[in-house]
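The values are calculated or read from the model by the stated rules, or taken from the named source; none is laboratory data. Please read these numbers as outputs of a predicted model, since none were measured by experiment. Neighbour counts are summed over all protein chains in view; Cβ atoms, including those assigned to glycine, are modelled from backbone coordinates with ideal geometry.
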Amino acid sequence: MADFRDIYPEYNDTSKLDELRDAEYPYLDERGHVYLDYTGAGLAATSQLRAHAARISAGCFGNPHSENPTSSASTELAEQARPTILRHFNTTPDDYAVVFTPNATGACRLVGESYPFGRRGRLVLTADNHNSVNGIREFARARGSRVAYVPFRAPELRISEADVLAALSHGGNGGRRGLFAYPAQSNFTGVQHPLDWVSRAQELGYDVLLDAAAYVPANRLDLSAVRPEFVAVSWYKVFGYPTGVGSLLVRRDALPRLRRPWFSGGTIWGVSVQGGWHRMLSNEEAFEDGTLNFLSIPDVSTGLEWIDSIGIDLIHQRVSILTGWLLENLSRLRHANGAPLVRCYGPTTVSRRGGTVAFNFLDPAGHVVDERAVSRDASAAGISLRTGCFCNPGAGEWAFGLSRKDVRGPWWLALTRAGFLRESMSTVDDYLDRIGLPSGGAVRVSLGLVSNIADVEACLDFAERTYRDRETSLNALAPRLRC
């Protein structure tokens with residue numbers, strides 16, 4: 001600990017977060033939780049929960065699609081949340097619209113189904129993307145657009161700007177070409193991709209979807225400086241509560257380009273059954289299907305006010321310091337024979353990366369410790385971390401050294417044609433055996449709002465105590481975790 005304080009004296013400047021942890025997150029230390037899954041979900045302060053209980057117990061709130069008193073009360077609070085969100089991102093209702101969604105996945109789906117893909121259009125994706133973004137390719141392909149992926153570059157699993165610009169420049173000049181989608185921060189490696197790619201893509205005729213879900217919990221996003229057409233966010237990742245509420249932020253000048261393929265309750269100005277016509281609403285409400293989560297949307301305002309009272313820059317400083325210490329010490333862990341205990345994926349320093357660290361444990365012979373065993377052992381030790389490929393198959397494929405031939409070679413086509421695929425590869429283990437992987441994923445530790453040095457030290461102690469000089473065993477493990 002003394003070494004840590006000597007190397008990172010600025011950690012003392014973040015002591016406010018330790019005070020907040022004691023006062024607002026007592027369930028962590030009182031119950032012995034070591035929480036290392038902030039990329040999976042943030043944690044809620046007790047004051048957030050009290051604010052929710054006080055609000056719903058003191059008022060009467062009804063379905064907002066009406067003008068009666070309870071409906072109006074719900075509508076008023078939901079509408080107050082929109083400018084609160086925009087202020088947090090340093091923009092205004094004149095520049096951006098806020099569409100409420102169930103989560104960032106719902107936000108990405110809205111873009112995918114509504115974007116005007118066509119036979120002359122293109123969808124450019126980075127290989128580093130969550131499946132919620134990868135899935136947009138199915139909308140693009142169905143409408144005849146071409147889909148291109150920008151590959152990773154070793155050893156840090158970053159995306160080269162030269163490769164991005166080459167992919168965006170493909171196909172000649174002139175006109176609007178399509179959509180470019182990428183994450184501000186990888187949910188697998190923690191890599192933070194340059195935000196200036198937004199303007200570079202726009203200069204080349206593309207709209208940009210920025211997946212900010214993993215980025216905004218510990219980083220400032222200024223939409224007055226960086227102006228993507230679409231931004232996807234899940235609020236539970238930022239401040240833990242409420243779940244089931246996300247947002248798609250849409251630049252006002254891009255909103256008219258989106259066309260819904262269907263209509264539903266809450267999205268239309270009018271509709272006729274016998275006449276066979278409908279007319280969508282002209283604003284962001286055209287994208288909010290059904291009844292909004294009206295009892296929880298006001299909690300987004302509460303959560304953002306909580307984050308703003310702490311300071312996103314303070315959170316960023318704490319996360320960056322702890323991530324640096326974690327990376328330095330993981331790289332130092334060794335077996336008695338001198339072999340490394342850990343193989344990290346992605347950057348080994350905090351330069352242009354966030355608080356998400358992916359790795360595998362290795363045995364003294366260099367064999368990967370199956371992530372199922374790590375999940376089991378960590379749970380027994382009271383540590384919440386994540387294992388698998390984290391819904392980011394591109395990062396997983398590159399991290400584990402898989403080629404296109406490995407994941408879709410002649411064997412795959414032959415099995416598909418012969419009709420044997422279902423029978424011969426009925427489990428994830430069957431697939432992993434076919435492509436030659438001993439393990440189906442990595443271990444992910446992610447730090448956030450009230451992480452402290454004790455959490456990191458507990459993780460490092462667990463690693464050394466559990467896996468140092470331990471031989472790998474893949475026997476008698478539970479069914480493999482899916483992505």
Requested in this report: Output the residues belonging to the range 80-119 that are more than 19 Å from residue 256 (Cβ to Cβ) and either at pLDDT below 95 or not assigned by TED's automatic domain parsing to the domain that holds residue 180 (or both).
Outcome: 119
Query raised in the report: Within the range 324-334, is there a residue that is part of a loop (DSSP other than H, G, I, E, B) and out of contact with any Cys (no Cβ under 7 Å at 6 or more places or on another chain)?
Result: yes
Report task. Go through (1) surrounded by fewer than 17 Cβ atoms within 10 Å (Cβ to Cβ); (2) modelled with pLDDT of 90 or more and name the single condition residue 445 misses. Result -> (1)
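Looking at this structure, is residue 350 part of a helix (DSSP H, G or I) and in contact with a helix residue (DSSP H, G or I) (Cβ under 6 Å, 6 or more places away or on another chain)? Talk me through it step by step, then tell me what you get.
Values: part of a helix (DSSP H, G or I): no; in contact with a helix residue (DSSP H, G or I) (Cβ under 6 Å, 6 or more places away or on another chain): yes.
Against the criterion (part of a helix (DSSP H, G or I) and in contact with a helix residue (DSSP H, G or I) (Cβ under 6 Å, 6 or more places away or on another chain)), residue 350 does not qualify.
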Query - Hits in the range 264-284 - residues which are of a type outside the set (Val, Ile, Thr), out of contact with any Ser or Thr (no Cβ under 7 Å at 6 or more places or on another chain) and under 21 Å from residue 246 (Cβ atoms) - result: 264, 265, 283, 284
Query raised in the report: Among the residues of the range 227-244, is there at least one that is surrounded by 21 or more Cβ atoms within 10 Å (Cβ to Cβ), charged (D, E, K, R), outside any loop (DSSP other than H, G, I, E, B) and not assigned by TED's automatic domain parsing to the domain that holds residue 392?
Result: yes
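Determine which member of the set 266, 270, 290 is surrounded by 15 or more Cβ atoms within 10 Å (Cβ to Cβ), farther than 22 Å from residue 449 by Cα and either touching a Phe, Trp or Tyr at 6+ places or on another chain (Cβ under 6 Å) or modelled with pLDDT under 95 (or both). Walk me through it before giving the result.
On the way: 270 fails: surrounded by 15 or more Cβ atoms within 10 Å (Cβ to Cβ); 290 fails: surrounded by 15 or more Cβ atoms within 10 Å (Cβ to Cβ).
Testing whether each residue is surrounded by 15 or more Cβ atoms within 10 Å (Cβ to Cβ), farther than 22 Å from residue 449 by Cα and either touching a Phe, Trp or Tyr at 6+ places or on another chain (Cβ under 6 Å) or modelled with pLDDT under 95 (or both) leaves just 266.
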Query - Of the criteria (1) touching a Gly at 6+ places or on another chain (Cβ under 9 Å); (2) touching a residue at least 24 places away in the same chain (Cβ under 8 Å), which one residue 249 fails - result: (1)
Query raised in the report: What are the residue pairs meeting all of these: first residue in the range 135-160, first residue at positive phi, second residue of a type in the set (S, T, N, Q), Cβ atoms under 6 Å, and 6 or more apart or on different chains?
Result: 157/189
Requested in this report: Could you give me the residue pairs with C-beta distances under 6 Å whose first residue belongs to the range 1-20 and is more than 14 Å from residue 323 (Cβ to Cβ), whose second residue is at pLDDT below 95 and not in a helix (DSSP H, G or I) wherever it lies, and which are 6+ apart or on separate chains?
Outcome: none
Query - Failed criterion for residue 35 (all others in (1) closer than 30 Å to residue 284 by Cβ; (2) among the hydroxyl-bearing types (Ser, Thr, Tyr); (3) within 24 Å of the chain's Cα centre (by Cα) hold) - result: (1)
Report summary line: Checked the range 221-246 for anything touching a Gly at 6+ places or on another chain (Cβ under 8 Å) and either charged (D, E, K, R) or closer than 21 Å to residue 205 by Cβ (or both); matches are 237
Query - Every residue from the range 21-35 that is out of contact with any Ser or Thr (no Cβ under 6 Å at 6 or more places or on another chain) and in contact (Cβ under 8 Å) with a residue 40 or more places away in the chain - result: 21, 25, 28, 32, 33, 34
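I'm checking my understanding of the structure. Among residues of the range 245-266 that are small (Gly, Ala, Ser) and in a loop (DSSP other than H, G, I, E, B), which one is nearest to residue 24 (Cα to Cα)? Spell out the reasoning first.
Of the residues in the range 245-266, the ones small (Gly, Ala, Ser) are 246-247, 254, 264-266.
Narrowing the set further to residues that are in a loop (DSSP other than H, G, I, E, B) leaves 254, 264-266.
On the way: 254: 40, 264: 40, 265: 39, 266: 37 Å.
Looking at residues that are small (Gly, Ala, Ser) and in a loop (DSSP other than H, G, I, E, B), I get 266.
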Query raised in the report: With 135, 59 as the choices, which residue is out of contact with any Leu (no Cβ under 6 Å at 6 or more places or on another chain) and at pLDDT 95 or above?
Result: 135
Query raised in the report: Among (1) crowded, with 16+ Cβ neighbours inside 10 Å; (2) of a type outside the set (S, T, N, Q); (3) in a helix (DSSP H, G or I), where does residue 42 come up short?
Result: (3)
Query - Subset of the range 65-103 (residues that are more than 30 Å from the chain's Cα centre (by Cα) and in a loop (DSSP other than H, G, I, E, B)) - result: 65, 66, 67, 68
Query - the range 451-462, residues that are surrounded by fewer than 24 Cβ atoms within 10 Å (Cβ to Cβ) and in a loop (DSSP other than H, G, I, E, B) - result: 452
